[in-house]
Structures are given as C-alpha cells and as structure tokens.
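Structure first, commentary second.
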Amino acid sequence: GAATRLIEEMGCPSTCLLLTRLPANRLRGELSRDLEAMLPEICADAGCRLEAMAIRPEYLQWTILPSPGMTPASLIRMVRQMTSDRILEKYPRMRPIDGSDDFWAPGYLALPGTRSPDPKTLYEFIRLTRWRQGYIRGSMD
C-alpha cells in the first residue's frame, strides 16, 4: 500500500518482532548469543542497518533502517528464513513436531519508527498469535 511505498522510498526505520513458534522454545543462553551474532550479519548482507536489537525469552525484536527498495516485510521474511535454518540445524530438538522448517510463529509485528511496542500492543500481539495457534482457547473478545 501507500505506507509501504513511503517506507521504501524514504528508508524509514521499522521495529520488527518475531515470536517463537513453540512457547516452550526460549531465546536464552547459547541460542540468545547465536541470534545476537546472526541478526547483524543478516541485516548487513541485506544492505540494511541494524539500529537496535532486543532478545527476550519469547521473542526477537529489532529496529532496522532498510536499504532502498526493501520493505520491512521482505526483511522479516529473510530474517525468519535464515534464522530458522540456522537455529533448527544447530538445535534440532527445537523443531516443531509438525515438521515445520519455521522456528518462528506465523505472522509478525512491524511498527514504523524506532520505538518498542507498548506493553499493551505486545501483549495483544502475543495473545492473538497464541490464540491463532491454538494455545489459548475461547474467543478473543
């Protein structure tokens, strides 16, 4: 849409977030250190500037300044694929039992700018994602 085109043209920073597919898969210890090393490399290879990164037990959050012509969505797809490949190769016990090659939950959160999502937005994103995955029962009303 128009907002995506504007971000592409201006190279505006975006804050992105991926949630682990399995709630039991926690981003701690060696895995957290691996992600700390991977993400700057992936962003640099894509010609993007990594502005900030936060690794929490349940999610990976980063702020990037995309290269011209690159959308946040295309960078998120690249980060999702490359980190999933590396994580599942090194940590096969974290592979979802459905055999998925994606370490991350379906969907993502992407916000314009450099600010982290506020706690309510983050909570709702996690809650909605887990509900869609079937980890939370009932209606989302």
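When you look at Pro57, is it over 23 Å from Arg95 (Cβ atoms), surrounded by fewer than 15 Cβ atoms within 10 Å (Cβ to Cβ) and either under 11 Å from the mean Cα position of the chain (by Cα) or touching a residue at least 12 places away in the same chain (Cβ under 8 Å) (or both), yes or no? Answer is no for this residue. Exactly one residue out of Leu39, Leu6 is over 20 Å from Arg130 (Cβ atoms) and at pLDDT below 95: that is Leu6.
Among the residues here, Trp62 qualifies as in contact with a Cys (Cβ under 6 Å, 6 or more places away or on another chain) and closer than 21 Å to Arg21 by Cβ.
Examine the range 15-36 for a residue that is open to solvent by 50 Å² or more (accessible area, probe 1.4 Å), basic (Lys, Arg) and touching a helix residue (DSSP H, G or I) at 6+ places or on another chain (Cβ under 7 Å), and state whether such a residue exists.
No, because not a single residue in the range 15-36 is open to solvent by 50 Å² or more (accessible area, probe 1.4 Å), basic (Lys, Arg) and touching a helix residue (DSSP H, G or I) at 6+ places or on another chain (Cβ under 7 Å).
For the range 98-115, filtering for residues that are assigned to a loop (DSSP other than H, G, I, E, B) and closer than 21 Å to Thr83 by Cα leaves 10.
Quick check: is even one residue across the range 42-51 in contact (Cβ under 8 Å) with a residue 60 or more places away in the chain, out of contact with any strand residue (DSSP E or B) (no Cβ under 8 Å at 6 or more places or on another chain) and not in a helix (DSSP H, G or I)? Among the residues of the range 42-51, not one is in contact (Cβ under 8 Å) with a residue 60 or more places away in the chain, out of contact with any strand residue (DSSP E or B) (no Cβ under 8 Å at 6 or more places or on another chain) and not in a helix (DSSP H, G or I), which makes the answer no. Looking across the range 79-101, the residues that are open to solvent by 30 Å² or more (accessible area, probe 1.4 Å) and modelled with pLDDT of 95 or more come down to Arg80, Gln81, Met82, Asp85, Arg86, Glu89, Lys90. Taking the condition open to solvent by less than 30 Å² (accessible area, probe 1.4 Å), in contact with a helix residue (DSSP H, G or I) (Cβ under 7 Å, 6 or more places away or on another chain) and either outside any strand (DSSP E or B) or among the β-branched types (Val, Ile, Thr) (or both), does Ile76 pass? Spelling it out, it is not the case that Ile76 is open to solvent by less than 30 Å² (accessible area, probe 1.4 Å), in contact with a helix residue (DSSP H, G or I) (Cβ under 7 Å, 6 or more places away or on another chain) and either outside any strand (DSSP E or B) or among the β-branched types (Val, Ile, Thr) (or both).
The values are calculated or read from the model by the stated rules, or taken from the named source; none is laboratory data. All values derive from a computational prediction rather than experimental measurement. Quick reminder, even Gly has a Cβ in these numbers, built from the backbone with ideal geometry, and neighbours come from all protein chains shown. The area values use the complete protein model at the heavy-atom level, side chains included, leaving out ligands, DNA and RNA. Shrake-Rupley method; radii C 1.70, N 1.55, O 1.52, S 1.80 Å.
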